[in-house]
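See structure below.
FYI, it's all coordinate maths here, none of it is from the lab. If you're wondering where the values come from, they're calculated on a predicted model, not measured in any experiment. Cβ placement follows ideal geometry from the backbone for every residue including glycine, while neighbour counts extend to all protein chains displayed.
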Amino acid sequence: MKTGFVVITLAAAVSGGCGWTSRENLQASVTYSKDVAPLLSKYCVECHQHGGIAPFPLQTYEHAKSYKGSIVRAILSRHMPPFGADDTGLPIQNSLWMSDTEIDVFESWLAQGAERGENIAPLRPSRSPFVIENPSIEPKMAEPYQPNVTSERDEFRCFVLDATASEYSFLTAIDVIPGVKQQVHHAVIFQLDKEAQGNAEAADAQDPLPGYDCGSGMFFGSIVHVWAPGMGAVKFHPGTGVLIYPGTESSGKFLMQIHYSYYPGGPLPDQTKVQMAFGTQTPSRLITVSGINNVNFSIPACSAPPCAPHTSEHRVTYGSATRIYGIFPHMHRLGVQIQLNLTRNGQTTRLVNVPKYDFHWQRFYFLETPLDIAVGDELSISCTWVNNRNEVVTVGERTIDEMCLAFTYQEF
Ligand code: HEC
C-alpha cells in the first residue's frame, strides 16, 4: 500500500500524469538515474565519495547496486544518513533528515530490481561544505598520536594544543580537520583557564605518550566547540562570535578531547588540527557554549530481556532572556531517544527530537532561525534509555555511565 502510493505520486510527477495506466508500469518507473541518484547526491555522497569519510563511495550505479541491500537497511533503520534530529522540531541548517517518501523511493527501487535507467555521470555532493579559507590560527596536536583502539574499545584522549590567540579575539567560524578521518569520531575543543591548564599539563606530563587518557568526560574549562564528522566547518550566525582570550604563559591554551574509534585499516598515527577564523569587528552578540544537564536519574537494572525503556525529564526556568543558536543533545551508549522542548505561557514547542539516538553520531544542530528565550520560559530535556545490564546506571563521565544533557550555543 505505502509503496504503491508513493510510486504513483512520483510517477505522476515525472510523467505529468499521462500515458501510464497499470500499477505494474508505474512501479517499474523507479530507477537509479531518475529517482535514487538525486537522493544519493543530496544525502550520501558528501561522505560516500572517493577519499570521503565513509568506507565506500556511492557515486555510480555500480556502487549503489552492489550495496543495494545494505543501503536500504541502513536508510530504513535511520542509521544512514547519520543525522539524528528528525523534522518534528525547529528547522535545522543543512538537515539530512530524509522524509518517509524519500525512504520509500529506495525501498521501491530495491523491490523492483534496482534498475539503472539512463546512463548518468558519477555523482557529486549536492552541496559543497563550507571551508575556512584563511584561518586566523590553527592550533594542532603537538605530535602525532597512535590511538589505542580495537573493534571493542574506543579511546578518549586529551591533547593540549600548540597555538593560542595573541590577543582578545572573536571566533566567527571553526572547523576540526582530523588527521585520519575514519578514526576521529568526535572532538571537543575547550579553552582552559589557569587551573584547568595546570591540571591538563600535569596529566600530560605524567603520560609518556602524546596527550593523556581522559575518559569520556567533557568538563575541562569553557567549551568552544563540539565537532562530529560530517558537520564540516561551522560559521556562526552573522553578527555573533565566541570570545577567545589571549594565551599567556600560564593560561589560555586550547585543549582538544578526541573520541577515537576503530576502523578496518587502522589505527594510524593521528595529528588533528583546529581551524579558527576570527572576525575583524566586535560582534553585536557574544555567544558561548552553555546547556541543560539532567543529573538526577537512575536507570533500573534489567535482569532479563526484553529490557523496558526508562525515561527521565529535567526542566529549568530561565531567569534572564537569551537566544539559542544551536543544540547538541548528548547521552552515552544506552540512550535511545532525546528531546528538548520549550514551554512558554503553558504552550510547549518542540525544539529538537532525536528519535533513534546513536552514540557514534552526535552533532550540533544549528537552528535555521535563532530561538529567543524570555524570562520565565521553561526548557526541558527528556532522555530515554534501554538498560540491558543487570545493574542500576546513573550519571557519570565514563562511557558505561550515562548522561542526559544538551549543549547549546547561546547568547553570553
Ligand atoms: C556524514 C557522513 C555520512 C553520510 C552523509 C552518509 N554516510 Fe553512510 N557511512 C558513513 C560512515 C563513516 C560509515 C561507516 C561507519 C558506520 O557505519 O557508522 C557509513 C556506513 C554506511 C553503510 C554501511 C553500514 C551499514 O549500516 O550498513 C551504508 C550501507 C551506508 N553508509 C549508506 C549510506 C547512505 C545510503 C547514505 C545516504 C542516504 C549515507 N550512508 C550517508 C558516513 C556517512
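Go ahead and estimate [θ] at 222 nm for the chain from helices alone: -39,500 (n - 2.57) per DSSP H run with n ≥ 4, summed, over the residue count, rounded to 500. Write down the numbers at each step before the final one.
Numbers: 7 runs with 66 residues, N = 412.
For the chain, the value works out to -4500 deg cm²/dmol.
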Q. LYS65: which aspartates and glutamates have alpha carbons under 17 Å from its alpha carbon, excluding same-chain residues fewer than 8 sequence positions away?
A. ASP35, ASP104, GLU107, GLU115, GLU118
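Before anything else, pin down the relative contact order of the stretch 90-172: Cα pairs under 8 Å, at least 6 apart, normalised by residue count, whole percent. Don't skip to the end; give the middle numbers.
Details: 23 pairs, mean separation 18.9, N = 83.
Contact order relative to length: 23 percent.
For the stretch 155-283, take the alpha-carbon Rg, divide it by the Kirkwood Rh, and send me Rg/Rh. Walk me through the numbers before you get to the answer.
Numbers: Rg = 14.8 Å, Rh = 15.2 Å.
Reported Rg/Rh (Cα atoms, Kirkwood Rh): 0.97.
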Q. Cα to Cα, under 17 Å, and not fewer than 8 places away if on the same chain: which lysines meet these conditions relative to LYS194?
A. LYS253
Q: Only Cα pairs under 8 Å and at least 6 apart count here; give the relative contact order of the chain as a rounded whole percent.
A: 19
Q: Compute the acute angle (0 to 90°) between the alpha-carbon long axis of helix 2-15 and the principal axis of greatest extent of the alpha-carbon atoms of the chain; round to the nearest 10°.
A: 80
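Tell me, what is the percent relative contact order of the stretch 181-297, built from C-alpha pairs under 8 Å that lie six or more residues apart?
Values: 127 pairs, mean separation 49.8, N = 117.
Relative contact order of the stretch 181-297: 43 percent.
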(Q) For the stretch 143-205, which GluC sites (Glu not before Pro) pass both filters: DSSP loop (anything but H, G, I, E, B) and at most 14 other C-beta atoms within 10 Å? (A) GLU152, GLU167
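Calculate the FRET efficiency for LYS194 and GLU102 from the Cβ-Cβ distance with a Förster distance of 56 Å, rounded to the nearest 0.05. Provide the component values of the computation, followed by the final result.
Numbers: r = 51 Å, r/R0 = 0.91.
For LYS194 and GLU102, the calculated efficiency is 0.65.
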**Q.** Rg(Cα)/(2.2 N^0.38 Å) for the chain, N = residue count
**A.** 1.07
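Output the pairs from LYS140/LYS356; LYS42/LYS181; LYS235/LYS356 with a Cα-Cα distance over 24 Å in this structure; if there are none, say none.
Numbers: LYS140/LYS356 33 Å; LYS42/LYS181 21 Å; LYS235/LYS356 27 Å.
In this structure, LYS140/LYS356; LYS235/LYS356 exceed 24 Å between Cα atoms.
On full extension of the chain, what length is gained from SER66 through VAL386, given 0.36 nm per residue of separation minus the C-alpha to C-alpha distance? Each step should come with its number before you reach the end.
Values: separation 320, 0.36 × 320 = 115.20 nm, distance 3.42 nm.
Value of the extension gain: 111.8 nm.
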Q. All other residues with a Cβ under 9 Å from the Cβ of TYR212 taken together, and with Lys, Arg as +1 and Asp, Glu as -1, what is their net charge?
A. -2
Q.
Please report the net charge: other residues with Cβ closer than 14 Å to the Cβ of ASP193, K and R +1, D and E -1.
A. -1
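Run the dipole for the chain about the Cα centre, Lys and Arg Cβ at +1, Asp and Glu Cβ at -1, nothing else charged, and hand back the magnitude in debye, nearest 20. If you can, show how the numbers build up before the last one.
On the way: 29 positive and 40 negative charges, 196 e Å.
It works out to roughly 940 debye.
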Q.
What does the net charge come to around ALA374 if you take all other residues with beta carbon closer than 14 Å to its beta carbon, with K and R at +1 and D and E at -1?
A. -2
